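See structure below.
The values are calculated or read from the model by the stated rules, or taken from the named source; none is laboratory data. Model, not experiment: these values are computed from the prediction. Every residue, glycine among them, receives a Cβ derived from its backbone with ideal geometry; neighbour counts consider all protein chains shown. Areas reflect the complete protein model, heavy atoms only, side chains present, ligands, DNA and RNA absent. Shrake-Rupley method; radii C 1.70, N 1.55, O 1.52, S 1.80 Å.
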Amino acid sequence: MLELRPAGLTARFYAFALDWAIRLAIIYSAGVAFAAIGGVGVAFWLILIFALEWFYPIAFELMPAGATPGKRVFGLRVVMDNGLPVTAAASVSRNLLRAPDFLPFGYGFAILSMVLRRDNKRLGDIAAGTIVLHQPRVTPKMRLQDVDPVAPARRLAPQDQAALIALAARAPALTAERLDELAALAAVVSGDEGRSGPAVTRRVLGVAQWLLGRR
């Protein structure tokens, strides 16, 4: 099942502030460089300001990450309402509508909309059919080669040994939570009966390594 976790006002504000700081730094640096050119340089500088204001978010949202640098730092991503990558038309729409979102001042309508809606959408997101989500954090899979062998705490029957080795074989394909659950059921083999967690899981898998002769 696909779980969509809308990003709240605080996370989006921090992401916006970081993106604003990045744009400001680019504008300032370019202004210093273009000042040496004179009138032509000022013209290019004004074009750059316009491009950064309107195309900076669109360009990044259409990349595979679906997020501006600010959003990426805070683990956010723009997607369609169904969880699919944002389309070009939707990205353009949501960013063009930042103008009414800004009203009456300081993104007043955007903040009001986000506070009143459970999905935290601003007006641009509502019109474009997009949503800003927290990017799911990927938990690294267990690597058996990183597990130290552990001698079993008790004598194991052949069927118990086979079950433990089968668990070790499945470990790389399981989520960390599911692996911890299964390892807790076999925790008696490592002397951890009644306990669970990543440390217990490593010791249980260590026993499997020991049974496989990796000592």
Item to check | the chain: angle of helix 176-185 to the longest principal axis, Cα-based, in degrees nearest 10 | outcome: 20 degrees
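Would you list Leu18, Leu144, Leu185 from the most to the least accessible area, probe 1.4 Å? Walk me through the numbers on the way to the answer.
Details: Leu18 60, Leu144 30, Leu185 145 Å².
Ranked from most to least accessible, the order is Leu185, Leu18, Leu144.
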Checklist entry - To the nearest 0.05, how large is the calculated FRET efficiency for Ala88 and Ala43 if R₀ is 35 Å and r is the Cβ-Cβ distance? => result 0.80
Checklist entry - Once you charge only the Cβ atoms, +1 for Lys and Arg and -1 for Asp and Glu, what is the size of the charge dipole of the chain about its Cα centre, to the nearest 20 debye? => result 360 debye
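Any idea of the accessible area per residue across the range 1-153, 1.4 Å probe, to the nearest Å²? Provide the component values of the computation, followed by the final result.
Details: 9300 Å² over 153 residues.
Dividing the accessible area of the range 1-153 by its residue count gives 61 Å².
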Next on the checklist: Tell me the angle of helix 158-170 to the major Cα principal axis of the chain, expressed in degrees between 0 and 90 and rounded to the nearest ten.
Outcome noted: 10 degrees
Item to check | Which label in (i) 84, 44, 25; (ii) 55, 39, 33; (iii) 53, 42, 29 gives the computed Cα extents along the principal axes in Å | outcome: (i)
Checklist entry - Classify the range 80-123: rounded, prolate or oblate, from the alpha-carbon gyration tensor (a ≥ b ≥ c, eigenvalue square roots; a/c under 1.5 rounded; otherwise prolate if a/b is larger than b/c)? => result oblate
Checklist entry - Heavy-atom accessible area per residue, the range 158-215, 1.4 Å probe: how many Å²? => result 55 Å²
Checklist entry - Tell me, what HN-Hα J-couplings in whole Hz come from the Karplus equation 6.51 cos²θ - 1.76 cosθ + 1.60 at θ = phi - 60° for each residue of the range 9-23, using x for Gly and Pro? => result 4, 5, 4, 5, 5, 4, 5, 4, 4, 5, 4, 5, 5, 5, 5
Checklist entry - Rounded to the nearest 0.05, what FRET efficiency is calculated for Thr175 and Leu9 with R0 set to 41 Å and r the Cβ-Cβ distance? => result 0.85
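Accessible area of the chain with a 1.4 Å probe: how many percent of it is carbon plus sulfur?
Working: 8490 of 12900 Å².
Ligands and nucleic acids excluded, carbon and sulfur give 66 percent.
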